[in-house]
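Worksheet: the structure to be examined is printed underneath.
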Amino acid sequence: MSQGPGVEPGQWSGLGHLERDLVLTDEDFSRIRQLIYQRAGIVLAEHKREMVYSRLAKRLRHHGLTRFSDYLEKLARQPDAREWEAFTNALTTNLTAFFREMHHFPLLAEHVRKASGPVRIWSAAASTGEEPYSIAMTLHESLGARATEARVVATDIDTEALTRARAGVYPVEQVRKIDESRVKRFFQKGRGQHEGLARVRPEVSSMVEFLSMNLLAPQWPVKGPFDAIFCRNVMIYFDKQTQARILERFAPLLKDDGLLFAGHSENFSYISKVFRLRGQTVYTLAEMAGAGR
Ligand SMILES: C[S@@+](CC[C@H](N)C(=O)[O-])C[C@H]1O[C@@H](n2cnc3c(N)ncnc32)[C@H](O)[C@@H]1O
């Protein structure tokens, strides 16, 4: 195995058989884990070393560096630098899909149909936009003419994911999994240089506002009350303490009968008493659930 410039034997533990040209020591890895936990609440497991190497390698190469220690020093020297944003963007996982966890959407449709006043939904880990656009399409179908006054606030810590989300342009393969009638109604197919791409129609994209936001930040740039909050497949990256703190901050932002949608492998019942399970990965405020809704 090639050990790269100036590497001591033993500095490569955990990297397996893969050839590596950049130096990532145990100490660097543990520093990176600490930093991403402090910045974003993300708990990186020991076995994520390969992932960290490949995700941050681009940043090192961008700066012409060969050692992770030099990169970390560069970050430490510039506490406010844009590089921190790139560091965080690189270490987030953005996996998502249109109408992911399909069972949530008929429930949302039914919930907003009964709502009084303009409907407001928060997609709290919006990634590249598939989730908030799926919500907006559901509101369109469910609310008819009232959809024009409905709003979806979509937030994420990853500024690159948000840039892609705002563009609202996706490879057609991604859109193919959606119902054909929805594709016809809510997407425009690209021609010429945009062949192979599909764009979310303006009547859907105009309902969604994208904001950059860290769920750990002391102030959130969103204001309730929301009819529903989608916080799916992000809590899995946080420890229980962080999850509990976030759940407690969601509660006052929901309408009394509001719904909190979680990811398929997330269970909030054991974390906070503020929410009570109402159905498959869907929660309601505990006090209201007690009132017999
Ligand atoms: C796996 S994606 C989930 C996307 C979507 N909610 C879904 O379920 O398909 C997780 C998202 O959480 C975001 N994220 C991670 N840490 C965050 C934090 N501290 N604050 C806000 N968003 C965060 C990531 O950038 C990523 O886009």
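The values are calculated or read from the model by the stated rules, or taken from the named source; none is laboratory data. As the structure is a prediction and not an experimental result, all values here were calculated from the model. In this analysis, Cβ positions are derived from the backbone assuming ideal geometry, glycine residues included, and neighbour counts consider all displayed protein chains. Please note that ligands, DNA and RNA were not included when accessible areas were found on the heavy atoms of the full protein model with its side chains. Shrake-Rupley method; radii C 1.70, N 1.55, O 1.52, S 1.80 Å.
Aliphatic (A, V, I, L, M), surrounded by 15 or more Cβ atoms within 10 Å (Cβ to Cβ) and either free of Cβ contacts under 8 Å to residues at least 24 places away in the same chain or within 14 Å of the ligand (Cβ to nearest atom) (or both): does that describe Ala76? No. Selection within the range 67-97: residues that are more than 30 Å from Ile135 (Cβ to Cβ), outside any helix (DSSP H, G or I) and of a type outside the set (Lys, Arg). The member of this set that is modelled with the lowest pLDDT is Asp80.
Name, by its number, the condition in (1) open to solvent by less than 40 Å² (accessible area, probe 1.4 Å); (2) touching a residue at least 24 places away in the same chain (Cβ under 8 Å); (3) touching a strand residue (DSSP E or B) at 6+ places or on another chain (Cβ under 6 Å) that does not hold for Arg166. The number of the failed condition is (1). The one condition from (1) within 28 Å of Ala45 (Cβ to Cβ); (2) of a type outside the set (A, V, I, L, M, F, W, C); (3) open to solvent by less than 70 Å² (accessible area, probe 1.4 Å) that Arg249 does not meet is (3). Would you check which residues across the range 234-268 are part of a strand (DSSP E or B) and out of contact with any helix residue (DSSP H, G or I) (no Cβ under 9 Å at 6 or more places or on another chain) and list them? Passing the criteria: Leu254, Lys255. Every condition in (1) within 16 Å of the ligand (Cβ to nearest atom); (2) farther than 30 Å from Val282 by Cα; (3) among the polar types (S, T, N, Q) holds for Thr92 except the one numbered (2).
Residues being of a type in the set (Val, Ile, Thr) and closer than 26 Å to Glu85 by Cβ are entirely absent from the range 173-184. Across the range 105-137, what is the number of residues that are in a helix (DSSP H, G or I) and over 15 Å from Leu259 (Cα atoms)? Result for the range 105-137: 7.
Can you name every residue in the range 79-98 that is without any contact (Cβ under 8 Å) to a residue 12 or more places away in the chain and either open to solvent by 60 Å² or more (accessible area, probe 1.4 Å) or β-branched (Val, Ile, Thr) (or both)?
Quick first cut of the range 79-98, residues without any contact (Cβ under 8 Å) to a residue 12 or more places away in the chain only: 79-82.
Pro79, Asp80, Arg82 - these are the residues of the range 79-98 that are without any contact (Cβ under 8 Å) to a residue 12 or more places away in the chain and either open to solvent by 60 Å² or more (accessible area, probe 1.4 Å) or β-branched (Val, Ile, Thr) (or both).
Within the range 120-160, how many residues are within 18 Å of Asn94 (Cβ to Cβ) and either among the basic types (Lys, Arg) or within 10 Å of the ligand (Cβ to nearest atom) (or both)? Number satisfying all stated conditions: 18.
If you filter the range 165-181 down to residues that are in a helix (DSSP H, G or I) and out of contact with any Gly (no Cβ under 9 Å at 6 or more places or on another chain), you find that the one that is nearest to Asn94 (Cα to Cα) is Gln174.
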